[in-house]
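Bear in mind that the values in this text are calculations on the coordinates, not laboratory data. As the structure is a computational prediction, the values presented were derived from the model and not from experiment. Here the Cβ positions follow ideal geometry from the backbone for every residue, glycine too, while neighbour counts run over all protein chains shown.
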Amino acid sequence: MTPFLLASACLLAVTLCYAGLCAVQPFADCRRCHGMGHATKTTRRGTLKRGKDCRHCKATGKRIRTGRHLYNLWRRTHRDGTR
């Protein structure tokens, strides 16, 4: 097996696994707040306290995956073009 075929087979496998992940679990934890929906602060005594709501995920703690976002755009364009 040539190195090109091996590399393309690995790339195809990774792509199919990511597409399956986007289909099964379209949302992932927010990268900014790590899925909490808000920041954490520490008081002067050292105890944790809830901070401001996360602006990136709008306090949901979830974000849409890039692959699922691209799929949604493609489906919307296809639907609008075939009406």
The value for the chain (convex hull of the alpha-carbon atoms, volume per residue, Å³) is 159
Helix 66-81 sits off the longest principal axis of the Cα atoms of the chain, rounded to the nearest 10 on a 0 to 90 degree scale, by 60
With charges only on Cβ, +1 for K and R and -1 for D and E, what is the dipole size of the chain about its Cα centre, in debye, rounded to 20? 760
Residue-averaged 222 nm ellipticity for the chain, from DSSP H runs of 4+ at -39500 (n - 2.57), nearest 500: -15500 deg cm²/dmol
So how do VAL24, VAL14 line up by other beta-carbon neighbours within 10 Å, fewest first? VAL24, VAL14
Specify the angular offset, from 0 to 90 degrees and rounded to the nearest 10, of the alpha carbon long axis of helix 3-24 from the longest principal axis of the alpha carbons in the chain. 50
